[in-house]
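J.: Take this structure first; my questions come after.
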Amino acid sequence: MVSGFMKSIVKRLCRKRSIPLSIRRKLAAPFIKRDSTEFAICVDGQEFHGRLDNYIEWVVYVTGQFFEFSYINLIKSIGLSGCALDIGANVGNHTLAYSAFFDEVVSLEPYTPIYDRLKEKADKLTNVITYNVAFGNQSGEIGFTPPRTSNFGTGRVDSEGELKVEIVRGDEFLPGKIGKIGFIKIDVEGHEFEVLKGLAHTLDNDLPAVLFEAPIAVRANGGQALLDSFKLFPIDYRFFGLKGQTSFPIQRQIAKAYPITQHNSGTRYTNILAIPPQIPFQI
């Protein structure tokens, strides 16, 4: 049995923001189990309600920070305004964070059991709207493979998936539902390009900053797939790569962004940040 005293020591260490994230996660794993325990903690001035049965909320509880906090802090530091679109919102970690510095957040999650958790968070906020749909470059129904582990973020749109979820084109779905979009986050496990294609008019009209995940599909062909994805954006966008959150010897609180060129497009970035021409951005 692990004593309460030992757990409290581990928890205090894991909440030290100067310690690299990977060390804190490894330190917590033997002592703080992923189970059905519910919790409520204050994260950067916001009340976060969650359960330890999934990886995202477990990390929040362990670290006392939002999941992907350094990416969230980067977006906050840019000084964006208007409305945010959270595509692939999962249990609502990013939605809750964004609600503090955007006027409005529209959050999308296609898998109903996870969507229900997202909505629990959103119902406590006055500036968040949620929809139980997937975004893509078509409208109708599409296959979906649900998460197989406690990492709920591994569920994905999949033509051969055993479930069916509603899918919509962003350009057809959004008009009338949200104001001018200043920022879009896309985390859809390899379906990113289809989402961007379905948002072509939105990108042209609103010129938002966009943060999208870079899984294998995005990094294919030695980085050529990534360079090709840049053609989905209006002219004059600038593109930056983000690497893993952990930094040594001191944990970086704001993610570092690396300008992407023809020569480094094959680098293993975790996320891509697309910045429109009207937004000043210094690295």
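J.: So how tilted is helix 112-122 from the main axis of the chain? Cα-based, degrees 0 to 90, rounded to 10.
T.: Relative to the chain, helix 112-122 is tipped by roughly 80 degrees.
J.: Right, here's the next one. Calculate, for the chain, the solvent-accessible area per residue in square angstrom, rolling a 1.4 angstrom probe over the heavy atoms of the protein chains.
T.: So the chain comes to 46 Å² accessible per residue, rounded to a whole number.
J.: Can you tell me, using C-alpha contacts under 8 Å and at least 6 residues apart, the relative contact order of the chain as a whole percent?
T.: 16 percent
J.: Mind grabbing the base-10 log of I(q)/I(0) for the stretch 159-232 at q = 0.16, 0.20, 0.28 Å⁻¹? Debye formula, identical points on the C-alpha positions, no solvent, two decimal places.
T.: So the normalised log intensities are -0.65, -0.95, -1.39.
J.: While we're looking at this one, here's another question. Decide, for the stretch 80-210, between rounded, prolate and oblate: order the square roots of the alpha carbon gyration tensor eigenvalues as a ≥ b ≥ c, take rounded if a/c falls under 1.5, and otherwise choose prolate if a/b is larger than b/c, else oblate.
T.: oblate
J.: Give the carbon-plus-sulfur fraction of the accessible surface of the chain in %, rounded to a whole number; probe 1.4 Å, heavy atoms of protein chains only.
T.: Carbon-and-sulfur percentage of accessible area, whole number: 53.
J.: Quick check: from the Cα gyration tensor, does the stretch 153-283 come out rounded (a/c under 1.5), prolate or oblate?
T.: It comes out oblate by the Cα gyration axes.
J.: Taking the alpha-carbon distance from Lys76 and a cut-off under 19 Å, which lysines remain once sequence neighbours fewer than 8 residues away in the same chain are dropped?
T.: Partners found: Lys180, Lys185, Lys243, Lys256.
J.: For the stretch 1-131, what does the relative contact order come out to in percent, with C-alpha contacts under 8 Å and a separation of six or more?
T.: 16 percent
J.: Same structure again: Out of these labelled values of Rg and Dmax of the Cα atoms in Å, [x] 23.4, 73; [y] 17.7, 54; [z] 18.6, 60, which was calculated from the coordinates shown here?
T.: Answer by label: [z].
J.: Related question: Loop only by DSSP, 16 or fewer other Cβ within 10 Å of the Cβ. Give me the GluC sites (Glu not before Pro) in the stretch 133-193 that pass, ordered by residue number.
T.: The qualifying sites are Glu160, Glu162.
J.: Sticking with this structure for a sec: Report the relative contact order of the stretch 91-160, percent, no decimals, based on alpha-carbon pairs under 8 angstrom and at least 6 residues apart.
T.: Answer for the stretch 91-160 is 27 percent.
J.: Now a separate question. Any chance you could give the angle, 0 to 90 degrees and rounded to 10, that helix 69-78 forms with the longest Cα principal axis of the chain?
T.: The answer is roughly 50 degrees.
J.: Using protein chains only and a probe of 1.4 angstrom, how many square angstrom of Asp206 are accessible, to the nearest 10?
T.: Accessible surface of Asp206 is approximately 30 Å².
J.: What shape does the stretch 226-283 take by its C-alpha gyration tensor, where a ≥ b ≥ c are the square roots of the eigenvalues and a/c under 1.5 counts as rounded, a/b above b/c as prolate, and the rest as oblate?
T.: oblate
J.: OK, next. Helix 4-14 versus the longest principal axis of the chain: what is the Cα-based angle in degrees, 0 to 90, to the nearest 10?
T.: 40 degrees
The values are calculated or read from the model by the stated rules, or taken from the named source; none is laboratory data. The structure presented is a predicted model; accordingly, all values stated were derived computationally and were not measured. For neighbour counting, all protein chains shown are included, and Cβ atoms are generated from backbone atoms with ideal geometry for every residue, glycine included. SASA here: full protein model, heavy atoms, side chains in, ligands and nucleic acids out. Shrake-Rupley method; radii C 1.70, N 1.55, O 1.52, S 1.80 Å.
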